[in-house]
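Trainee: Right, I'll just put the structure down here and ask away after.
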Amino acid sequence: MSALRGEVYHCPYCGGEDLRPHEEPAGAWLCRSCARVFTVRLVSVDESRIPAHSHTAAEEDRP
Ligand SMILES: [Zn+2]
C-alpha cells in the first residue's frame, strides 16, 4: 500500500476530473478546473470495515 500518494480522480472542491500531479508540496495535485492545489492524506485504515474482511471478523466475534 502506498500511503504517500493515492490516485485522485475528482477534485474535492469542485468535482473536476482534470487533475495533474503537482511538484510542490510533494504528493500534491493541481485541479485544472478551479486552479486549486491540494494534497490527500491517509489518516488510517480500519481493516475490519473492508467488506472483503468483514466475514472473517464476524467469525472471530463468535464464542
Ligand atoms: Zn477543482
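Trainee: Do any chymotrypsin sites (Phe, Trp or Tyr not before Pro) in region 8-52 lie in a DSSP loop with no more than 10 other beta carbon atoms within 10 Å, and if so, which?
Mentor: For chymotrypsin sites (Phe, Trp or Tyr not before Pro) across region 8-52 that sit outside H, G, I, E and B with at most 10 neighbouring Cβ atoms in 10 Å, the list reads Tyr9.
Trainee: OK, next. Let's test the formula: R0 of 30 Å, r as the Cβ-Cβ distance of Ser44 and Glu24. What FRET efficiency results, to the nearest 0.05?
Mentor: That gives a FRET efficiency of 0.70.
Trainee: Same structure, new question: 5 Å is the cut-off here: which amide hydrogens, built 1.01 Å from N in the peptide plane, fall below it relative to His22, excluding neighbours closer than 5 in sequence?
Mentor: Correct list: Ala28, Trp29, Leu30.
Bear in mind these aren't lab numbers, they're just calculated from the coordinates by the rules spelled out. Note that the structure is a prediction, hence the values are computed from the model and not measured. When we count neighbours, we look across all protein chains shown, and the Cβ atoms used for this are built from the backbone with ideal geometry, even at glycine.
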